[in-house]
Amino acid sequence: MNAPLPAEVLKQHLIDPEICIRCNTCEETCPIKAITHDSNNYVVDPDICNGCMACVPPCPTGAIDNWRLMVRAEAYGVQEQLGWEELPGEKALPETAAALPADDVPAATDLAAPAPFSAPGATVPPWSAAHPYVNLYTHKTPMTATVVGNYRVTGVDTESDIHHIVLDFGELPFPVLEGQSIGILPPGLDAQGRPHHARQYSLASPRDGERAGYNNLSLTVKRVTEDHAGAAAHGVCSNYLCDLAKNDKVQVIGPFGHTFLMPNHPRANLIMICTGTGSAPMRAMTERYRRRIDTGENGRLLLFFGARTERELPYFGPLMKLPRDFIDINLALSRETGQPKRYVQDLIRERAASVRELLADCNTCIYVCGLKGMEVGVLDALRDVTVQGGQDWSILHDALRREGRLHFETY
Ligand code: A2P
């Protein structure tokens, strides 16, 4: 008699729908388009995923890092995963598969070598970054914060309605670091009658609070009234947040993010490149440095900030009051009357000598946050200034990523 053939076992890659904040990072990172989503979930197609792991380090919550040993023929399909509210538990494998020694079960990570540097930025934090806490509060266990401030930080006569919103956590612990984000759960139900998913916002305040020593933090939120193509659209969470009044309660989850973090060692330099609300983490990092200006521990700060006009540039007034020997500010305005259109990448080229000098210093970290479109432009500009200086960009780019010194957060 023939023995039954051993069932083929798959280490199936799954995303935990209870922890996932639907930030799209995994789908963007996947080099072979194995990740897809609908209005409910982000899911991994078992017929495409080769376990390259490229999506795992960038995930800000760790929701992506779930695996189940399955008989391949019974793997969870895309449609089934899209309907999940929670991950299924481990299933017992049939005798024929379970009888295989553990070493014979192909690990997803054995199937393909991770693509080195498939993302433009690092997937590790700078070596000296402080330890971040993540997922302290989840969709199932959100915490309630109180609004203690909400005011507009762009000119009232402009189309860019950007708000600075301060949330207080009272007695509950909510430890954060500059560069991390939180999730906000807007009240109400979506078109399918389900509670809205969390929306992610970067912190605009440093680790010790919007007001030093207070258990609070701030966000920079743009009221969304149109989609990327310019068609009318109502941003559920941004409108909710921008309309909040003092003392209103907000459901918060997080914190999230373990790589877009600032270096913690003395005399570290920061190159900060942002557009619009991408200024939030730059404000947080700048404020961290400003509060310790007298310690002599600060390195150099070089800021490239893009906006349509001065009046549409969030925090323009307070930013311009910072001492020039503390921060080197370069504003790229694209629609200022009487001025040529300029983007942040144009200014990086204009300031090539300073950028090169900082890039050559291993104590320099670079942060890019804002419009997705600027990613390529900024990388091209960094490459050009490097090559002009007689250096090899691909070697430097790899080093910046390996050492956690180049970080992108774009949307
Ligand atoms: P533009 O005037 O061409 O839209 P927004 O106000 O939409 O958030 O944009 C912030 C700034 O980023 C604007 O000055 C905008 O210019 C600019 N911007 C748009 N696309 C890019 C890009 N691909 N690279 C750099 N900056 C960009």
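Bear in mind these aren't lab numbers, they're just calculated from the coordinates by the rules spelled out. Values in this document were obtained by computation on a predicted structure and should not be read as measured data. Virtual Cβ from ideal backbone geometry, glycine too; neighbours counted across all protein chains shown.
Shown in residue order for region 153-160 are the 3J(HN,Hα) couplings computed by the Karplus curve 6.51 cos²θ - 1.76 cosθ + 1.60 at θ = phi - 60°: 10, 10, x, 5, 8, 9, 6, 7 Hz (x for Gly and Pro). Loop-resident trypsin sites (Lys or Arg not before Pro) (DSSP state other than H, G, I, E or B) in region 202-266 with no more than 16 further Cβ atoms inside 10 Å of their Cβ: R211, K246. Considering only beta bridges that DSSP places wholly inside the chain, some 60 percent are antiparallel. Distance between the C-alpha centres of region 18-46 and region 227-306: 25 Å, rounded to the whole angstrom.
Along region 223-239 the Karplus relation, 6.51 cos²θ - 1.76 cosθ + 1.60 evaluated at θ = phi - 60°, assigns HN-Hα couplings of 5, 8, 10, 8, 7, 4, 8, x, 7, 4, 8, 9, x, 4, 7, 5, 5 Hz to successive residues, with x for each Gly and Pro.
Since only P17, I348, Q192 are under comparison, the one whose Cα sits farthest along the positive direction of the charge dipole of the chain, derived from C-beta charges on Lys, Arg, Asp and Glu, is I348. Taking other Cβ atoms within 10 Å as a rough exposure proxy, H13, H197 sort from fewest to most as H197, H13. Which of the residue pairs K140/K222; K246/K372; K222/K249; K140/K249; K33/K341; K11/K33 have a Cα-Cα distance greater than 25 Å in the structure shown? Exceeds cut-off: K140/K222; K246/K372; K33/K341. Remark: region 121-138, residue by residue, has Karplus-estimated 3J(HN,Hα) of x, 6, 10, 10, x, x, 4, 9, 4, 5, 6, x, 9, 10, 6, 5, 10, 10 Hz, where x stands for each Gly or Pro and the curve is 6.51 cos²θ - 1.76 cosθ + 1.60 at θ = phi - 60°.
Label separation (T146 vs L189): 3.2 nm, computed from points 7 Å beyond Cα along the C-beta direction. Going by neighbour counts of Cβ atoms within 10 Å, the residues T144, T158, T337, T277 line up, fewest first, as T337, T144, T158, T277.
Within 12 Å, Cβ to Cβ, of K372, how many net charges do the neighbouring residues add up to if Lys/Arg are +1 and Asp/Glu are -1? Charge balance near K372 sits at -3.
Cβ crowding within 10 Å, taken as a proxy for footprinting-reagent exposure, orders L241, L87 from fewest neighbours to most as L87, L241. A simple count of charges around N66, restricted to other residues whose Cβ falls under 13 Å of its Cβ and scoring Lys, Arg +1 and Asp, Glu -1, yields -3.
Considering only alpha-carbon pairs that sit under 8 angstrom and 6 or more positions apart, the relative contact order computed for the chain is 16 percent.
Once the Cα atoms are used to define both axes, helix 279-291 deviates from the longest principal axis of the chain by about 60 degrees.
For the chain, the dipole from Cβ point charges (+1 on Lys and Arg, -1 on Asp and Glu) about the Cα centre works out to 1380 debye, to the nearest 20. Our Cα-only numbers for the chain put the radius of gyration and Dmax at 23.0, 88 Å. Helix 393-402 and the longest principal axis of the C-alpha atoms of the chain enclose an angle of approximately 70°.
Over the chain, DSSP H runs of length four or greater, each weighted -39,500 (n - 2.57), average out per residue to a 222 nm ellipticity of -5500 deg cm²/dmol.
What is the helix-to-structure angle for 374-388, meaning the angle in degrees between its Cα long axis and the longest Cα principal axis of the chain, kept from 0 to 90 and rounded to the nearest 10? So the helix axis and the longest Cα principal axis differ by about 70 degrees. Rounded to the nearest 20 debye, the dipole size of region 252-328 about its Cα centre is 60 debye, using +1 on the Cβ of Lys and Arg and -1 on the Cβ of Asp and Glu. Taking Lys and Arg as +1 and Asp and Glu as -1, the other residues whose beta-carbon sits under 14 Å from that of R291 total 0. For L10, the residues whose amide H sits under 5 Å from its own are M70, V71, R72, ignoring neighbours fewer than 5 places away on the same chain, with H placed 1.01 Å from N.
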